[in-house]
Amino acid sequence: MAARPYWRGQIRLALVSIPVEIYSATKSGATIAFNQIHEPSGKRIKYEKVVPGIGPVNVDDIVKGFEYAKDEYVLLDEDEIEGVKLESKKTLELTQFVDVQDIDMIYFEKPYYVVPADDLAEEAFIVLREALRRTQKIGLGQLAMRGREYVVSIKACGRGMVMETLRYADEVNKAASYFRDIGDEDPDEELLDLATTLIDKKTGRFDASEFHDRYVDALKDLIERKKKGKTLNIEAEGEADSRGSNVVDLMAALKKSLGTGGGAAKASASAGKTSPRTKSAGKSAGGSETKSPSAKKAPAKSGAKATARKRA
């Protein structure tokens, strides 16, 4: 069955109008939906619309209300709401062009594929697509669809173009309120070099098919097993607090990730980061280092294991 266009109209650039169709570029993922079931009877639980002190009500008696103060509502009927909806326009006028990197990715909301509506529109469509690609620009405009007005962007994408709806400024939380407590000091240069080397080593082309929703896959597997009457023994993995008493040495961890540093790096990563204060406390008055308590306990722990095996 052929896909139905989400919107039909034209893109206008000055005096040039290009008939186009847009199609949703995404679809809902393979989510697992659950229903609430009354276990003794095995029947699905239903919900009734009730009013406190009155009980169940007729659906025809329900209207929409906006709470402007505590328990104070402005009531609106469907005709009043429909009266303020914007009429879907059949023209998307590109009123501004910006550099690709000028729009923060957080503003992009939902993508749509844009294709020429017919053969006659194809030439102008290709000209606009290639002009956007050559200038590395994104076209911006506003479009009313299904009762709401959107800010949208248009950019080249393969043989076609992609239109994306954008969030309005008041729909995006300001990052400063979340990031203000993060320090602004410069990182250690050696650590930074190791981190950038690791990033370079793992850099490749993005392939969405390489990623899967493992939670959904596990749920599907669980459901299939339950359908067949199988039981599962699910063991919790990784329950230990990863933020344990040992703080991993960042330098050693980065070196280990890159496959460098040898045994010293591995030992440092497992032993944890030692602060200058601890090092100085571990030295005797003459300047020689004393063994840490943990180093003394290690042989005893090994011996305990050997005794347990001997008893077994």
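Seen from residue 172, the other residues with C-beta closer than 14 Å to its C-beta sum to a net charge of -2, counting Lys and Arg as +1 and Asp and Glu as -1.
By the count of neighbouring beta-carbon atoms within 10 Å, fewest first, 143, 15 end up ordered 15, 143.
Can you give the local net charge around residue 136? Use residues other than it whose beta-carbon is closer than 15 angstrom to its beta-carbon, Lys and Arg +1, Asp and Glu -1. Mind dumping the intermediate values first?
Details: positive: 129, 133, 134, 137, 155; negative: 99, 102, 130.
Counting the neighbours of residue 136, the net charge comes to +2.
Please tell me which of these pairs span more than 28 angstrom C-alpha to C-alpha: 202/226; 110/137; 90/137? Listed pairs above 28 Å: 202/226. For residue 159, the shell of other residues with beta-carbons less than 12 Å away shows a net charge of 0, using +1 for Lys and Arg and -1 for Asp and Glu.
Using the Cβ-Cβ distance between residue 133 and residue 227 with R0 set to 35 Å, the FRET efficiency from 1/(1 + (r/R0)^6) comes to roughly 0.10.
The numbers here are math on the coordinates, done by the rules we state, and not lab data. Bear in mind the structure is a predicted one, so any value in this text is a computation, not a measurement. Please note: Cβ atoms are built from the backbone with ideal geometry, for glycine as well, and neighbour counts cover all protein chains shown.
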